[in-house]
Each structure stands twice: as structure tokens, then as C-alpha cells.
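K.L.:
The structure follows.
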Amino acid sequence: LQGLIISLQLVPYGYNQKLLISRDITRFEKIETMRRDFIANVSHELRTPLTVIGGFLETLSADDNVSSSFNKRALALMTEQTTRMQRLIEDLLILSRLENEQNKVNEKIVNVVSLAQDLLQDAESLSAGRHQIKLNVASQDQLLGSEEELRSAFGNLVSNAIRYTADGGEIIISWEKRHDQGLFFVQDSGIGIEPEHIPRLTERFYRIDNSRSRETGGTGLGLAIVKHVLNRHEARLEVISKVGKGSRFNIWFPAKRLVSGNA
Ligand code: ADP
């Protein structure tokens, strides 16, 4: 049996009995590994040429000799699309690192309060005064986990809240303790999400409104990244939303991940 990957599943069977199902998933796992490696390699290879293109576009844009309005517009468009591709490649690389289970979480004690304060600052600069952004910190508890990964997951929720909320809307970033669990949430008064879309939001490239997501700089990978980070932290995502009223993305961390703030 060496080299075989077996999946075992215990299911209820008849009255008070259980059935053990064993499946050979060796082939499936091999294909999954190949897919992951392929995406990681392609993304990595595309990074360098894009950096070169981006660099020259920047130089050309700063050149006073670029005179005609057509050239200026072409340069601006090329720069915008290059930045989009770069963001997409960075997100693909983050996702493939997270999917690789051998890259274990580098567990440290993460100060969620100061992380939330950083997020507030990032949110304010992203929003540029277009929204009212509030921070609510009701717990000093810290979290056992990877600061980099948590920053990326929380940051994606915050940037979504800004992107899917019209000017003048309100956004709340919050950290508290509820029923022994750690609760981090981002709430917005934005466009909201219809119930049938909610179960699929964390799929790669799943978007409700393609053009809106692209226009606002989305890669379609943000919530897939969130899902992977949460799996690695034994945390759970809960989405509560009402179309036209707004959304709230709750992240629940189990008690065993909490470290008392006074420790
Ligand atoms: P994207 O880069 O397209 O925003 P995400 O994975 O972050 O990708 O989100 C997936 C989709 O979920 C988005 O395209 C959008 O339709 C929806 N969505 C995410 N966050 C919000 C939000 N706060 N309000 C409304 N819709 C949202």
C-alpha cells in the first residue's frame, strides 16, 4: 500500500450502525498537486516580465516627449492593466502557498488589536474619505496564528467592504469575544449579496457582478484566500447580508486559539 493515498469516511448505516468507506484518491491527489504546481510556476514565471513591462511603462509615462493624447491614454491604460495582472499574480501566488499543506502555519501570538488599528489606517487610505469607517475593539485577546496570513484575510474583507459600498456608506471593523470564541468582523452598508450567491463566494473567481469587481480592482481571489487562511486557523466564516442594505463577514476563532490579552 506504500504510496497510496486513502480517504476514510464513517457514515451512519442502518439502525445504530456505522459504515466505514475507504477510497483510493491517489490519482486525484496527484492531479491536484500537478494543478497547484502548474499555477504556482506560471505565476512565478510571469512575475519578472511584468515587472519589466511595468517599469518601462512608468518611465515612458514620466517622459515629456510623450505628446499626443492618444499615446498618453494608451500608456495610462497599459499601466492600469499591468497593475491588474500584477495583483492577480500576487494573489495566485498567495493562494498556492496557502494550498500547500506542507507550508505549515508559522504560529505566533498575534496582537489583533494593533492589527485592527493597522487595518483601519489602510481602509482610510483606500477609501480616501468616501466612507465613514469605525473601529470597535471590545477585547484585548490575542490570537495564535500567522500574522501575515491573518492580515491578508482581514485585509481582503476590508477592501471588499470599501469596494462594494457606495460613497457615504459606513464600514465597521470589530474585534470582540463572544461565547468564549474570538469574533472578528467587517460590516458594511453596501450593495449586499443575494442569499443564493453566499455559499459560492469563496470559490476562486466566483463573482456576482464581473464588471463591477474588475472596475474596482478585484481579482476574484480575495475570498478564496480568506477561506484558506481560516481553514489553517480552524476558524469559520459566516456571511450575513441583505441586498441594498449591506453585509457582514464574521470570522469565528475557537477558544483554544485565544491568548488572554494580559498574558
Ligand atoms: P473580488 O476580487 O471579485 O471582490 P472576492 O473573492 O473578494 O473577489 O469576492 C467574491 C465576490 O463576492 C465579489 O466579486 C462580489 O461579488 C462579492 N462580495 C465580496 N465582498 C462583498 C461585500 N462586502 N459586499 C457585496 N458583495 C461582496
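The values are calculated or read from the model by the stated rules, or taken from the named source; none is laboratory data. Since the structure is predicted, the reported quantities are computational estimates derived from the model, not experimental observations. Cβ coordinates were reconstructed from backbone atoms using ideal geometry, including for glycine residues, and neighbour counts include every protein chain displayed.
K.L.:
Counting only residues that are within 11 Å of the ligand (Cβ to nearest atom) and either aliphatic (A, V, I, L, M) or at pLDDT below 95 (or both), how many does the stretch 219-239 have?
P.N.:
If we filter the stretch 219-239 for residues that are within 11 Å of the ligand (Cβ to nearest atom), which is where we start, we get 219-227, 239.
Now narrow it down to the ones that are either aliphatic (A, V, I, L, M) or at pLDDT below 95 (or both): 219-221, 223-226, 239.
Count: 8.
K.L.:
Would you be able to say whether some residue in the stretch 60-67 is more than 24 Å from the chain's Cα centre (by Cα), surrounded by 12 or more Cβ atoms within 10 Å (Cβ to Cβ) and not in a helix (DSSP H, G or I)?
P.N.:
To start, the set of residues in the stretch 60-67 that are more than 24 Å from the chain's Cα centre (by Cα) comprises 60-67.
Add one more test, that the residue is surrounded by 12 or more Cβ atoms within 10 Å (Cβ to Cβ), and what stays is 60-61, 66.
Next, from what is left, pick out any that are not in a helix (DSSP H, G or I): 66.
Within the stretch 60-67 (the criterion being more than 24 Å from the chain's Cα centre (by Cα), surrounded by 12 or more Cβ atoms within 10 Å (Cβ to Cβ) and not in a helix (DSSP H, G or I)), the answer is yes, since at least one residue qualifies.
K.L.:
Let me ask something additional. Just checking, how many residues over the stretch 146-173 are within 9 Å of the ligand (Cβ to nearest atom) and within 19 Å of residue 92 (Cα to Cα)?
P.N.:
Residues flagged as within 9 Å of the ligand (Cβ to nearest atom) and within 19 Å of residue 92 (Cα to Cα) within the stretch 146-173 amount to 4.
K.L.:
Looking only at the stretch 147-186, filter to residues that are surrounded by fewer than 21 Cβ atoms within 10 Å (Cβ to Cβ) and polar (S, T, N, Q); which one of those is nearest to residue 261 (Cα to Cα)?
P.N.:
Quick first cut of the stretch 147-186, residues surrounded by fewer than 21 Cβ atoms within 10 Å (Cβ to Cβ) only: 147-148, 151-152, 155, 159, 163, 166-170, 172, 174, 176-181, 183, 185.
Add one more test, that the residue is polar (S, T, N, Q), and what stays is 152, 159, 174, 181.
Values: 152: 22, 159: 27, 174: 16, 181: 14 Å.
Out of the qualifying residues, it is 181.
K.L.:
Among the candidates 70, 28, 38, single out the residue that is more than 30 Å from residue 227 (Cβ to Cβ) and of a type in the set (Phe, Trp, Tyr).
P.N.:
Values: 28 fails: more than 30 Å from residue 227 (Cβ to Cβ); 38 fails: more than 30 Å from residue 227 (Cβ to Cβ).
Checking each option against the conditions leaves just 70.
K.L.:
Which residue out of 95, 120 is surrounded by 13 or more Cβ atoms within 10 Å (Cβ to Cβ), touching a residue at least 40 places away in the same chain (Cβ under 8 Å) and either within 17 Å of residue 225 (Cα to Cα) or in contact with an Asp or Glu (Cβ under 7 Å, 6 or more places away or on another chain) (or both)? If you could, list the steps in order and put the result at the bottom.
P.N.:
Details: 120 fails: either within 17 Å of residue 225 (Cα to Cα) or in contact with an Asp or Glu (Cβ under 7 Å, 6 or more places away or on another chain) (or both).
Criteria check complete, one pass: 95.
K.L.:
Would you say residue 45 is closer than 29 Å to residue 153 by Cα, among the acidic types (Asp, Glu) and touching a residue at least 24 places away in the same chain (Cβ under 8 Å)? Explain how you work it out, then say what you get.
P.N.:
On the way: closer than 29 Å to residue 153 by Cα: yes; among the acidic types (Asp, Glu): yes; touching a residue at least 24 places away in the same chain (Cβ under 8 Å): no.
The answer is no for residue 45.
K.L.:
For residue 124, work out the one condition from (1) away from the ligand (no atom under 16 Å from the Cβ); (2) in a strand (DSSP E or B); (3) closer than 23 Å to residue 245 by Cα it doesn't fulfil.
P.N.:
(2)
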